[in-house]
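*Asks:* Once you've had a glance at the structure underneath, I'll fire off some questions.
The values are calculated or read from the model by the stated rules, or taken from the named source; none is laboratory data. All of these numbers come straight from a predicted model, not from anything done at the bench. Backbone-built Cβ (ideal geometry, glycine too); neighbour counts: all protein chains shown.
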């Protein structure tokens, strides 16, 4: 088991290695743990400098030290400005709920201004959470303070009510808001419905971006007051103009001219391809996702986009507008196919100017940055694999490594796990779990790790021989890594020899003295066991592989155990359908009571005949014979 100190060193070393690949640009970064759970989402004026600050150990609090120790990988999104990064950070925090963010448990970090539409005198207020149909929304805003300050200024400028409908209905005289000239007191008929609706129209006009008329009027009023030497009144108009101008701060991350769209940008370099997909809904950027499709060196952007779009929307509903950095091959055909699938008109377009071009430029920039980082990571990974091959004197180049582990509790719910690593990282689509079988040549009926390992290897490679007897596919491993010692390696080679497979290298990795990480022992078929230096890159890489297999095995075991705990024993009784099961449970209260019932008690249940009662009794009292 890893110590806290060694875990911190792993996280620290990873962040240190990533800093030099991060851009000196504003954006958002996300830290994740070994299970893929979000640890932290943060914004930065300079991504490289901000992430680098986490490597300055003497400046970190204990909370941040714990976060660094758990960090296994980092994702980033490059933005145009720090303001955009802040807005995007709020979206991602709400979506990911990261463990170490201050606002983790605060579901109110993302606020809008709402103008209701289901009342004669609409309400102007701050809104969080689910939207309702009978209202208009404007935002999002970066912080609660900005919303509150804006609402304060809007109240001064447009004098709309901010009280709830219940309070509005119960008023018999004007409240303080009327006295300080921030409301026109429609609750007591101090303003007509038509005049109030003019104020509502003006505030909607302003919040929708059509503010010129409103600001020109305010500027005129300010000048008139100034000319009349009414400087206090002029100051009021000045403050209103200043507040309204602040609301209109340009935020490219929220493009009002682009209501709903999927923005897809692809970049290819040196055989590495990245496709960035941005989702814009209701004029708000709800984040982005990166994909790395496998391409050959002859592919161009148009063909990549065509293939990607066709596969990506197999199980997804596209926005009515799909923007791409280049028009895909046969894009008209894609439009027709997507339109038919979604039963709505779908348009694919390449933006050339304006707001659409701005967000496409940002998406493409993210794709190019991702490719650059991937190239750097792949180069480092290739070097590491070559060191691994040299260390263990493996002849073949390491294109595929399979790591095996198992998990059980005193023999119950045994599960085996296989994870796959390639030069591009973990290939999670190739992971496989093995529910241990209790029959057959390599049956497992207890917690014997050697039996479990033999069954896993036999099932994996006997199937591979059937599917690919000529060893032509790329699904054959160049190296097998086992979480175990000499006995496990012997079990693996015993099966491989029986199957006639003699060109795959297997290595066992067992805990060292006191089970300390960094002192693991490595076991091969013909050599004496040995260890590597604790700070060896190969040692760290093999630990990472072993830990991933261990994680996958434990999670698979927990899932199987949880399913077994909630499984109703009646589900496995032949001939007992839903109606009879419901009748039995209604009569006895639980499956345990049914299993303990006598034949006459079972017959008392409606729908249970003499034969069915006997069948049930025999099933629960002679389980070993069934």
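*Asks:* Is it true that some residue in the stretch 283-303 is assigned to a helix (DSSP H, G or I) and free of Cβ contacts under 8 Å to residues at least 24 places away in the same chain?
*Replies:* No, the stretch 283-303 has no match at all.
*Asks:* Another one. Does at least one position in the stretch 402-417 carry a residue that is in a strand (DSSP E or B), more than 28 Å from residue 530 (Cα to Cα), modelled with pLDDT of 90 or more and assigned by TED's automatic domain parsing to the domain that holds residue 544?
*Replies:* no
*Asks:* Further question: Return the residues of the stretch 256-276 that are modelled with pLDDT under 80 and more than 24 Å from the chain's Cα centre (by Cα); say none if nothing qualifies.
*Replies:* The answer is 256, 257, 258, 270, 271.
*Asks:* Restricting attention to the stretch 377-384, does a residue exist that is within 30 Å of residue 556 (Cβ to Cβ), in contact (Cβ under 8 Å) with a residue 24 or more places away in the chain, assigned to a helix (DSSP H, G or I) and touching a strand residue (DSSP E or B) at 6+ places or on another chain (Cβ under 6 Å)?
*Replies:* no
*Asks:* So, of the residues in the stretch 286-301 that are surrounded by 14 or more Cβ atoms within 10 Å (Cβ to Cβ), more than 14 Å from residue 424 (Cα to Cα) and modelled with pLDDT of 80 or more, which turns out to be farthest from the chain's Cα centre (by Cα)?
*Replies:* 301
*Asks:* Quick check on residue 38: is it over 30 Å from residue 161 (Cα atoms), surrounded by 20 or more Cβ atoms within 10 Å (Cβ to Cβ), within 19 Å of the chain's Cα centre (by Cα) and at pLDDT below 80?
*Replies:* No; evaluated as a whole, the condition is false for this residue.
*Asks:* May I pose another question? Spot the failing condition for residue 182; the list is (1) surrounded by 16 or more Cβ atoms within 10 Å (Cβ to Cβ); (2) within 21 Å of residue 137 (Cβ to Cβ), and only one is missed.
*Replies:* So residue 182 meets the others, but not (2).
*Asks:* Run down 368, 393, 399 and say which single residue is part of a loop (DSSP other than H, G, I, E, B), surrounded by fewer than 20 Cβ atoms within 10 Å (Cβ to Cβ) and in contact (Cβ under 8 Å) with a residue 40 or more places away in the chain.
*Replies:* Values: 368 fails: part of a loop (DSSP other than H, G, I, E, B); 393 fails: in contact (Cβ under 8 Å) with a residue 40 or more places away in the chain.
Of the residues listed, the single one that is part of a loop (DSSP other than H, G, I, E, B), surrounded by fewer than 20 Cβ atoms within 10 Å (Cβ to Cβ) and in contact (Cβ under 8 Å) with a residue 40 or more places away in the chain is 399.
*Asks:* I'm checking my understanding of the structure. Among residues of the stretch 45-58 that are free of Cβ contacts under 8 Å to residues at least 12 places away in the same chain and either surrounded by 14 or more Cβ atoms within 10 Å (Cβ to Cβ) or within 20 Å of residue 24 (Cβ to Cβ) (or both), which one is farthest from the chain's Cα centre (by Cα)?
*Replies:* 56
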